[in-house]
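Values in this text are rule-based calculations from the coordinates and carry no lab data. If you're wondering where the values come from, they're calculated on a predicted model, not measured in any experiment. Note that each Cβ is placed from the backbone with ideal geometry, even for glycine, and that neighbours are counted across all protein chains shown.
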Amino acid sequence: MKFYFSFLLFISISFTALAEVHCGDFILTSSNDGFMHINGVRPETQQFDFLGDDGDYNNIKYEWIVGTNYPGEWLGIEYIKRDGKKRILNVEVVQADMNAPKQFATYNCVKTK
C-alpha cells in the first residue's frame, strides 16, 4: 500500500511538471486521474522511464496507446524530454491489420503553460 501511494504521488508530481505541451497537432495536458491526456483523450495505457538517474525529470520518456475513431486503429505515442529543454513526440499508427503500411510522424514540442 505504501508503494502504491508513493507511486501515485510520484505520477502526480511528474505531470504537474509537464502542465501543457504542444507537439504539432497534439496537445498533452496533465490531469487529476494520473494520466496525461492527449487532445483531451485519456490513453488506454501509460508507461514512463527515466533516461538518466531515477527521479531525473529533465531526462524522461513517456509512452501511451491512444484509441482513434477508426476500428482496429490506435496511436502509439512516445514523448521524450532531454536535458529539460529538448522535447519530441514520436507517433506511430498501430493497426490491427499487420499488412497495412507503417505510418510514423515526429514533432518538436513546446511547453505552453
Considering only the other residues whose Cβ falls under 15 Å of the Cβ of Asn32, what net charge follows from Lys and Arg at +1 and Asp and Glu at -1?
-1
Sequence neighbours fewer than 8 away in the same chain don't count; with that in mind, list the aspartates and glutamates whose C-alpha is under 13 Å from Lys102.
Glu73, Glu92
What is the distance, in nm, between label points placed 7 Å from the Cα along the Cα-to-Cβ direction at Asn108 and at Asp56?
2.4
Dipole of the range 11-113 (Lys/Arg Cβ +1, Asp/Glu Cβ -1, origin at the Cα centre): which of Thr112, His37, Ile60 lies farthest to the positive side?
Thr112
Show which lysines lie in cross-link reach of Lys113 when reach means a straight Cα distance below 21 angstrom and same-chain residues fewer than eight apart are skipped.
Lys61, Lys81, Lys85, Lys86
Report the calculated FRET efficiency for Asp33 and Asn69 (r = Cβ-Cβ distance, R0 = 25 Å), to the nearest 0.05.
0.70
